[in-house]
Amino acid sequence: MSRFPTRSAAALAALLLAAVPARAEDAPRPHVVLVLVDDAGYSDFGAHGREIATPNIDALAASGARFSNFHASPMCAPSRAMLLTGLDSHTAGVANLPETVPPEHAGRPGYLGHLAENVVTIASILRGAGYHTYMTGKWHLGHTPGALPDGQGFERSLALDATGGDNWEQRPYLPIYEDADWFEDGAPVRLPESFYSSELLVDRMIEYIDGAKGDGRPFFAYLPFLAIHIPIQAPREFVARYEGVYDAGWAAQRERRHRGAIS
């Protein structure tokens with residue numbers, strides 16, 4: 001079966017490319033950065049009433065558009081599949097977490113554990129339009145040849161294909177994994193001895209972008225963080241800023257978030 005652009009992925013690509021002039025010299029094509037914050041809700045950001053400072057995200061929200069009717073799967077891998085392809089997760093091939101697919105569903109078209117062969121990602125569409133395409137972060141959409149980011153339209157990639165992993169060491173966080181498998185450009189890779197995942201992912205993304213700097217081509221950068229996914233790990237100095245903030249308990253926190261989201 002031939003690969004085809006999906007409705008939402010194709011629509012997003014069309015929206016991005018609509019501003020592209022007929023001649024390249026008329027105007028530059030826009031760079032596109034897609035940041036995915038795993039397991040976050042609307043009220044988890046300062047822009048929507050959160051008590052924790054998220055200044056960079058708030059600045060983006062203040063200078064752009066904020067949407068209030070986004071729909072996602074209640075699970076991370078299916079949501080990623082829908083985000084990147086624009087299809088329902090069943091059609092995309094990832095209707096469940098690969099690690100929790102029931103035996104009755106295993107191998108069926110909607111439960112492949114990786115993106116189906118007859119769908120394309122927004123990265124593939126933009127790469128075909130002349131964009132550089134980069135990805136650093138959690139992938140979790142397949143680890144076999146062709147299923148990793150390098151086989152799904154990404155020119156350069158540093159990807160973790162698991163539900164999560166430790167943010168300070170290259171090790172798994174659940175006993176269902178023997179190791180935390182990271183891949184760079186489709187090949188297994190060992191991470192540095194000392195790192196924090198968010199810093200590592202941003203620094204590597206900057207390296208990818210700088211590697212083609214000045215060639216006149218725009219880039220699409222997909223940055224799916226993993227630090228607030230289980231296990232939730234943050235540098236001690238960040239955690240220390242909020243000592244005592246939650247002492248009033250869950251009910252008070254819920255009311256505070258509710259007021260902040262409304263305002």
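The values are calculated or read from the model by the stated rules, or taken from the named source; none is laboratory data. Keep in mind that this is a model prediction, so the values were computed, not measured. All Cβ positions, glycine included, derive from the backbone under ideal geometry; neighbour counts span all protein chains shown. SASA here: full protein model, heavy atoms, side chains in, ligands and nucleic acids out. Shrake-Rupley method; radii C 1.70, N 1.55, O 1.52, S 1.80 Å.
For the stretch 37-145, carbon and sulfur atoms together expose 58% of the accessible surface, with a 1.4 angstrom probe and every protein chain in place.
Protection proxy ranking for 127-140, 182-195, 39-52, using the average of other Cβ atoms within 10 Å per residue and placing the highest first: 127-140, 39-52, 182-195.
Using a ≥ b ≥ c from the Cα gyration tensor of the stretch 132-200 (square roots of the eigenvalues), is it rounded, prolate or oblate, where a/c under 1.5 gives rounded and otherwise the larger of a/b and b/c decides, a/b for prolate? Oblate, because a/c is 1.5 or more while a/b does not exceed b/c. Each part reduced to its alpha carbon centroid, the stretch 102-163 and the stretch 239-263 end up 37 Å apart.
Indicate the gyration tensor shape class of the stretch 26-127 (rounded, prolate or oblate), computed on the Cα atoms with a ≥ b ≥ c the square roots of the eigenvalues: a/c under 1.5 is rounded; otherwise a/b larger than b/c is prolate and the rest oblate. It is oblate, given that a/c is not under 1.5 and a/b is not larger than b/c. Run the numbers on the chain and let me know its relative contact order in percent, using alpha-carbon pairs under 8 Å that are six or more apart. The normalised contact order for the chain reaches 23 percent.
Taking a ≥ b ≥ c as the square roots of the eigenvalues of the Cα gyration tensor, the chain is classed as rounded, since a/c falls below 1.5.
Helices of the chain meeting both criteria, an alpha-carbon length of 15 angstrom or more along the long axis and an average Kyte-Doolittle score not below 0.0, with helices taken as full DSSP H segments, are 7-18, 197-211. For the stretch 36-92, the orientation-averaged shadow of the C-alpha convex hull comes to 4.4 nm² (one quarter of the hull surface).
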